[in-house]
Structure formats: C-alpha cells, structure tokens
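Only one structure is covered here, and it is reproduced in the block below.
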Amino acid sequence: MPANLEVADVLRRHGDAYRRAHAGHLNCIERRVMSAIELCRTAALGGHT
C-alpha cells in the first residue's frame, strides 16, 4: 500500500533543514516556491483541498 505523502508534507517536515543545508545554492525564487507549496492547501501544489 503506497503512503499518502505529498510534496507539501515533505517540505513542511524537512524544508527548513533543506534551506539551511543549501543556503548558498537556493535563490529567492526557489525559496518562495518552497514556501508557497508549504502554505498551500490545494491539490495542485501538493496539499489537501
């Protein structure tokens, strides 16, 4: 049975650590996209409707 993980769930759990680990390699747009996915609750961006 596949897990019900979605992109938003992964970013909510590990996004901060990823941003810290890759701080010198993420640009402003990439950080904004990650934040938008974390905050979004629609299926289009990986969240639940």
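The values are calculated or read from the model by the stated rules, or taken from the named source; none is laboratory data. From a predicted model like this one, the values you see are computed outputs, not experimental measurements. Positions of Cβ are backbone-derived with ideal geometry, glycine not excepted, and every protein chain shown enters the neighbour counts. Note: accessible area is taken over every heavy atom of the protein model, side chains too, but ligands, DNA and RNA are not part of it. Shrake-Rupley method; radii C 1.70, N 1.55, O 1.52, S 1.80 Å.
Here are a few things to note about the model shown:
- Test: residue in region 2-12 that is at pLDDT below 90 and of a type in the set (Val, Ile, Thr): yes
- Residues that are modelled with pLDDT of 90 or more, touching a Lys or Arg at 6+ places or on another chain (Cβ under 7 Å) and surrounded by 10 or more Cβ atoms within 10 Å (Cβ to Cβ) do not occur anywhere in region 36-47.
- Only a single item in (1) at pLDDT 95 or above; (2) open to solvent by 80 Å² or more (accessible area, probe 1.4 Å) is not met by residue 19, and it is number (2).
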